[in-house]
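Let me begin by presenting the structure, written as structure tokens, before commenting on it.
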2 protein chains.
Amino acid sequence: MHILIIGAAGMIGVKLTNRLIKDRAIGGKAVDKVTLVDVVAPSRPEGAPFAVATEAVDLSEPGAATRLVADRPDVIFHLAAIVSGEAEADFEKGYRINLDGTRYLFEAIRKVGDGYRPRVVFTSSIAVFGAPFPDAIPDEFHHTPLTSYGTQKAIDELLLSDYTRRGFMDGIGIRLPTICVRPGKPNKAASGFFSNIIREPLAGHEAVLPVSEDVRHWHASPRSAVNFLIHAAGIDGAKVGPRRTLSMPGVSATVGEQIEALRKVAGESVVKRIRREPDAVIMKIVEGWPRNFAPVRAPALGFQAEKSFEDIIRIHIEDELGGTWVK
Amino acid sequence: MHILIIGAAGMIGVKLTNRLIKDRAIGGKAVDKVTLVDVVAPSRPEGAPFAVATEAVDLSEPGAATRLVADRPDVIFHLAAIVSGEAEADFEKGYRINLDGTRYLFEAIRKVGDGYRPRVVFTSSIAVFGAPFPDAIPDEFHHTPLTSYGTQKAIDELLLSDYTRRGFMDGIGIRLPTICVRPGKPNKAASGFFSNIIREPLAGHEAVLPVSEDVRHWHASPRSAVNFLIHAAGIDGAKVGPRRTLSMPGVSATVGEQIEALRKVAGESVVKRIRREPDAVIMKIVEGWPRNFAPVRAPALGFQAEKSFEDIIRIHIEDELGGTWVK
């Protein structure tokens, strides 16, 4: 099989590539070739047991998508997007990358014709939902995003379903929880603190908590995100039916529960590195975010996430810290 | 006020124009000018107490929308669309007219800038919903259309909300029930029989009923459709909030209940003109359609429809038949 990963230079794209190198197959079918593209050329991974091509491609450039699908990849992971904050700050860029880029890709696939019908795995977002919410958002809750990013993702979901229904491709959309613990440096994303308050204390650094402990949110580990992608790539589309995008399972936890989990896993000395510094702007933004989901379809289709926030912390320690932390 | 009606040559567009001629105002504000456009130039109405311009415009042509909004109409009714059957038969045309045309319009409005923020009333459709359904579809039910037409309308709804949230326009979307009794000749739309079995017998003609009497569907009269549009044009956007598209009220009736209402209003001799001729293709199509809604927001915001199917028949007799029918 030939696998194309669009958005391969991002955190999830790199982890997905490494997983393919380890697994050498998806759904029992051997991987022969992986093409890695992003707006900057992704690094070439080491030790790949299959052919690897890397390329810098801007999906929103006319013709780019046509070139990418010309050699008919069997599975396309479409992870590329500009993030929520940037899509809100730059209206035109958000629509160009997150809507037009995706539509160009789907159109390019359709125009190959000749029976070409690749599995397309698309990462959507819980940002397709907008407050007010029920206590736990069910699979059948309407999509009324409160950001341009959420709007663009919701539109992409609709296109994915229609192109699939018409037989032009075989799409699966997955709505990812907030990925936690996100490795790397603290960033300025409003959601950054959910990861910062775990990752930084474990590394011996202070972390700032800008909201109150009763803020509830919806999480899954980077490892789960990759599991979702791999599972989506191999799933039987007939079992998914016409509603092609699924809210992924996750862990709903308050910030207080996150901290308590950190205490249980790593001890009080680590928890003491969290400094409270309330930020009214971030508190206001977070108010509009989903707190909890009640996904039924995705678990029934075999998608699995962590069972507790302690698991999420342990996975971070295993996958990113070599099994230990700064006591 | 300057009113622009896009899709003015259609049945609803003509009735809306006539209503403006009668009312001379929307929400208490006098109408000075009405611009009527459609892919074919709309007929010039008689007796208008305001300036009327008519023009043939294809909204999906680059530049057309920019020209239409150049003189900054205060209220824009965007009714133009190709219908469900055509959008399904011609994939590219459906997306070009129903998605790109609408996006060009919203973009043209955004690019006027300079504080221009017109009320845009957009006719969406219950086709944004796809089976399986609950008994009555609530306001918060998800949008998983099973047609390209429904997909395009759902995308337009998302754009309408985002462009409104960003302050580029002041949009209200209304999801119309199936309009019944539709005046004119029987047409080949799969939904045509809902109107045919009332209109044709009242006119002394035979009508064909292709489905069983237990088929339930969601109706409103053409008069209600125009009421919805006028009410949407004048409504306080702040009261609507960020969820800009509303499922309109209507009457849920089985075909058997439709026929019983016809019997009560017009008598057995009229009902006898309905001939049963089951059509498996139409029955299959109709299975996927919404049967009933439980709209809460729209009635709370003052949108009103008929209370019974008998009312729908009486309105047809009043508005289209001069108060009488062929006994």
Inset, instruction - Determine whether residue A:174 is assigned to a strand (DSSP E or B), among the β-branched types (Val, Ile, Thr) and more than 23 Å from residue A:282 (Cα to Cα). - result: yes
Inset, instruction - Restrict the check to the range A:178-196 and report whether at least one residue is in a loop (DSSP other than H, G, I, E, B), over 19 Å from the mean Cα position of the chain (by Cα), within 22 Å of residue A:84 (Cα to Cα) and more than 14 Å from every other protein chain (Cβ to nearest Cβ). - result: no
Legend entry - Pairs, first in a helix (DSSP H, G or I) and modelled with pLDDT of 95 or more in the range B:303-327, second surrounded by 17 or more Cβ atoms within 10 Å (Cβ to Cβ) and among the small types (Gly, Ala, Ser), C-beta under 6 Å, six or more apart: B:309/B:253; B:309/B:261; B:310/B:261; B:312/B:221; B:313/B:261; B:315/B:221
Inset, instruction - Please specify each residue of the range A:159-174 satisfying the condition of being of a type outside the set (Ser, Thr, Tyr) and closer than 11 Å to residue A:103 by Cα. - result: A:159, A:160
Legend entry - Breaking point among (1) more than 8 Å from every other protein chain (Cβ to nearest Cβ); (2) touching a residue at least 24 places away in the same chain (Cβ under 8 Å); (3) closer than 15 Å to residue B:217 by Cα, for residue B:130: (1)
Legend entry - Unmet criterion (only one of (1) assigned to a strand (DSSP E or B); (2) under 20 Å from residue B:120 (Cβ atoms)) for residue B:231: (1)
Inset, instruction - Determine, yes or no, whether residue A:252 is among the polar types (S, T, N, Q), at pLDDT 95 or above and in a loop (DSSP other than H, G, I, E, B). - result: no
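Quick grid of which residues meet (1) closer than 21 Å to residue A:124 by Cα; (2) in contact (Cβ under 8 Å) with a residue 40 or more places away in the chain:
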site	(1), (2)
A:31	no, no
A:38	yes, yes
A:47	no, no
A:54	no, yes
A:67	no, no
A:74	yes, yes
A:77	yes, yes
Inset, instruction - Say whether the condition of being farther than 18 Å from residue A:102 by Cα, more than 14 Å from chain B (Cβ to nearest Cβ), out of contact with any helix residue (DSSP H, G or I) (no Cβ under 6 Å at 6 or more places or on another chain) and part of a helix (DSSP H, G or I) is met by at least one residue in the range A:206-226. - result: yes
Legend entry - Where a residue in the range B:1-23 is closer than 15 Å to residue B:231 by Cα and free of Cβ contacts under 8 Å to residues at least 12 places away in the same chain and its partner, wherever it lies, is surrounded by fewer than 19 Cβ atoms within 10 Å (Cβ to Cβ) and of a type outside the set (D, E, K, R), with Cβ under 8 Å and at least six apart: none
Inset, instruction - Would you check if there is a residue in the range B:36-44 being charged (D, E, K, R) and within 30 Å of residue A:167 (Cα to Cα)? - result: no
Legend entry - When residues of the range B:133-175 are limited to those that are among the polar types (S, T, N, Q) and in contact with an Asp or Glu (Cβ under 7 Å, 6 or more places away or on another chain), the one farthest from the other protein chains (Cβ to nearest Cβ): B:164
Inset, instruction - Return the only residue of A:306, A:287, A:268, A:257 being more than 14 Å from every other protein chain (Cβ to nearest Cβ), acidic (Asp, Glu) and surrounded by fewer than 16 Cβ atoms within 10 Å (Cβ to Cβ). - result: A:268
Inset, instruction - Being assigned to a loop (DSSP other than H, G, I, E, B) and of a type in the set (Phe, Trp, Tyr) is the filter here, so list the residues in the range B:288-302 that pass it. - result: B:289
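For the range B:303-311, state whether one or more residues are at positive phi and out of contact with any strand residue (DSSP E or B) (no Cβ under 9 Å at 6 or more places or on another chain).
no
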Inset, instruction - State which residue is surrounded by the fewest Cβ atoms within 10 Å (Cβ to Cβ) when the search covers only the range B:35-69 and only residues that are of a type in the set (A, V, I, L, M), closer than 15 Å to residue B:6 by Cβ and in contact with a helix residue (DSSP H, G or I) (Cβ under 8 Å, 6 or more places away or on another chain). - result: B:64
Inset, instruction - Among the residues of the range B:56-65, count how many are free of Cβ contacts under 8 Å to residues at least 12 places away in the same chain and not charged (D, E, K, R). - result: 1
Legend entry - Odd one out for residue B:242 among (1) within 14 Å of another protein chain (Cβ to nearest Cβ); (2) buried (at least 17 other Cβ atoms within 10 Å of the Cβ); (3) not polar (S, T, N, Q): (2)
Inset, instruction - Just give me the residues in the range A:22-40 being assigned to a strand (DSSP E or B) and under 20 Å from the mean Cα position of the chain (by Cα), in sequence order. - result: A:26, A:34, A:35, A:36, A:37, A:38
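Given the structure, is residue A:35 more than 20 Å from residue A:168 (Cα to Cα) and hydroxyl-bearing (Ser, Thr, Tyr)?
Judged against the criteria, residue A:35 is a match.
The values are calculated or read from the model by the stated rules, or taken from the named source; none is laboratory data. As the structure is a computational prediction, the values presented were derived from the model and not from experiment. Quick reminder, even Gly has a Cβ in these numbers, built from the backbone with ideal geometry, and neighbours come from all protein chains shown.
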